[in-house]
Amino acid sequence: MSSRGSSTGIAGERAFKLATLSALAILTLFFVGIFVSLAAYTDWTTFFSILASKEILGAIRLTLGTATMAAAISMILAIPAAYALSQTKFPGKDVVDTILDLPIVVSPIALGAALLVFFNTPVGLGIENNLIKFVFEVPGIILAQFTVINALAVRLLKATFDGINPRYERVGRTLGYTKLAVFFRITLPLSRNGLLASAVLTWARAIGEFGATMTLAGAMKTKTETLPVAIFLNLATADVEKAVAVVFVLIVIAAGALMVLRKMTVKREVV
Amino acid sequence: MVKAEKEGLVDAKTIRIVAYLVPAIGVQPGNPKRIRSLADLGNPGVKIGIGNPEAVCVGLYAIELLERNGLLNVVRKNIVTHAPSCAATEGLIALKKVDAVIGWEVFSKWNPGKIETVFLKPNEVPRIAYIPAAVSSYTTDRASARKFIDFLMSAEGRKIFTKWGYAVTDGEIRKYAPKAVVGGEYALPRNWNTP
């Protein structure tokens, strides 16, 4: 019985391996297929002239600028917030946790619509009229991106802080560090990979943000035209070549970000 | 439709005009910014929305209207956003996001109570638009397509359009702009988006 068990075990193991690898192959081929069909559609001379156009260069600049701002603000708020969520016990923590998670699952266009309605309230109007204009303006792009990505930052950072052995912090305290010094000299350095990962992923997600941006900041050519908005506007005028060129720009930025992330985090594991 | 006919996308013999549209200014109920004319759209601090002129017909009409009346450069600085469709242009007022839109007169009938129409002076309107119907060149069921267009043009079909506030005859729309061209084409000026 034991020999039969082991023989089906080997066959079963092979079948299992085959099944998992097949799924992996199908998924990879699916995306490679999409990219190849895009490349086949592209006429490379027009591609480069489109890239060099004022409209697309402006969209690249606007996208990188707003996404960097949004990611920076997200990280500055998410690092302490995630730390509190990871290390502190307080009543209603589950509720807070759920609220902060909502933007990950709620559709970005819903978040954009909620923001748009918020700016119709007396508080929202006060902000618009006296502080900063968000609706149909560039700060609206940053706010929309921030709203969508900050949950991701909190989630990734909380997982990072959860993974840190509290003994290191306690040892730091016994050796005379203040709580603040422990955080900056022990916790943050130990979280290096998690910090990098959440910074890069939230930044990359902000670059691709469309639904909330379009709803709050509008889709006005050269004014609030981020790269995803540029795809939308050029598809609306049936300028497929231009839309495809922008798709390539987004893929290159995303691939670059993922590669940088991989390099930076792998290095640390080797050391 | 002119373009579709030129490119052979529709059967030219089947083109019918279902309803007419005249451009007008749409404002918030009660007209709080006191917009009485096209020129008022250039007043300081007035927020204007138009359809995306490159993709939405009502946006293209807006640019033509402003250009013909020598107001494009004055009003452009007040245009805060471009909407992705006719309905979204009207939505800018319904959502209270702008003070005025350049839209169709019929907008005020889509959302009664949420938008007011300010009519233009008849000589300010260079062109009247229309909603056309035609059988597509790619149709696989010509008979049904024709039947649908016949229904749109029938007394019953016209009654539905009239019920929702659309002008279905040339005469009804003419009172707003007796000298305007009906339909035709307008090429967006190259520098429409830059001062």
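The values are calculated or read from the model by the stated rules, or taken from the named source; none is laboratory data. Given the structure is predicted, the values throughout are model-derived calculations rather than measurements. Don't worry about glycine lacking a Cβ; one is built from the backbone with ideal geometry, like all the others, and counts go over all protein chains shown.
State which residue is surrounded by the most Cβ atoms within 10 Å (Cβ to Cβ) when the search covers only the stretch A:217-250 and only residues that are within 12 Å of another protein chain (Cβ to nearest Cβ) and of a type in the set (Asp, Glu). Out of the qualifying residues, it is A:Glu225. The set of residues in the stretch B:79-90 that are within 12 Å of another protein chain (Cβ to nearest Cβ) and either among the acidic types (Asp, Glu) or not in a strand (DSSP E or B) (or both) comprises B:Pro84, B:Ser85, B:Ala88, B:Thr89. The condition (being closer than 30 Å to A:Thr226 by Cβ and among the basic types (Lys, Arg)) is satisfied by just one residue among A:Arg14, A:Arg61: A:Arg61. Within the set B:Ser37, B:Ser85, B:Ser108, the sole residue that is surrounded by fewer than 18 Cβ atoms within 10 Å (Cβ to Cβ) and closer than 24 Å to A:Ala113 by Cβ turns out to be B:Ser85. Give me the residue from the stretch A:87-98 that is touching a helix residue (DSSP H, G or I) at 6+ places or on another chain (Cβ under 9 Å) and not in a loop (DSSP other than H, G, I, E, B) and, out of that set, farthest from the other protein chains (Cβ to nearest Cβ). Out of the qualifying residues, it is A:Gln87.
The helices (runs of 4 or more DSSP H) falling completely within the stretch A:133-200 that include 1 or more residues that are at pLDDT 95 or above and touching a Leu at 6+ places or on another chain (Cβ under 9 Å) map to A:138-162.
Flag: B:Lys175 does not match the condition of being within 14 Å of chain A (Cβ to nearest Cβ) and either under 23 Å from B:Val27 (Cα atoms) or modelled with pLDDT of 95 or more (or both). One residue is enough: does the stretch A:15-29 have a residue meeting the conditions in a helix (DSSP H, G or I), without any contact (Cβ under 8 Å) to a residue 40 or more places away in the chain and assigned by TED's automatic domain parsing to the domain that holds A:Val182? Taking every residue of the stretch A:15-29 in turn, none turns out to be in a helix (DSSP H, G or I), without any contact (Cβ under 8 Å) to a residue 40 or more places away in the chain and assigned by TED's automatic domain parsing to the domain that holds A:Val182. List the number of the failed condition for A:Leu175; all other conditions in (1) surrounded by fewer than 17 Cβ atoms within 10 Å (Cβ to Cβ); (2) within 14 Å of chain B (Cβ to nearest Cβ) hold. The one condition A:Leu175 does not meet is (2). Among the residues of the stretch A:116-131, those that are loosely packed, with under 13 Cβ neighbours inside 10 Å and either outside any helix (DSSP H, G or I) or hydroxyl-bearing (Ser, Thr, Tyr) (or both) comprise A:Thr121, A:Leu131.
If you go through the stretch A:52-67 and pick out every residue that is surrounded by fewer than 16 Cβ atoms within 10 Å (Cβ to Cβ) and closer than 14 Å to A:Pro139 by Cβ, you end up with 1. Criterion first (in a helix (DSSP H, G or I) and more than 14 Å from chain B (Cβ to nearest Cβ)) does A:Ala113 satisfy it? No. Taken over the stretch A:178-207, the criterion of being crowded, with 19+ Cβ neighbours inside 10 Å, out of contact with any Asp or Glu (no Cβ under 7 Å at 6 or more places or on another chain) and of a type in the set (S, T, N, Q) is satisfied by A:Ser191, A:Ser198, A:Thr202. For the condition within 19 Å of the chain's Cα centre (by Cα), modelled with pLDDT under 95, part of a helix (DSSP H, G or I) and away from chain B (no Cβ under 14 Å), A:Ala84 does not qualify.
The set of residues from the stretch A:196-216 being among the hydroxyl-bearing types (Ser, Thr, Tyr) and within 12 Å of chain B (Cβ to nearest Cβ) comprises just one member, A:Thr215. Any residue that is in a loop (DSSP other than H, G, I, E, B), without any contact (Cβ under 8 Å) to a residue 40 or more places away in the chain and within 14 Å of chain A (Cβ to nearest Cβ) - is there at least one of those in the stretch B:37-53? Looking through the stretch B:37-53, at least one residue is in a loop (DSSP other than H, G, I, E, B), without any contact (Cβ under 8 Å) to a residue 40 or more places away in the chain and within 14 Å of chain A (Cβ to nearest Cβ).
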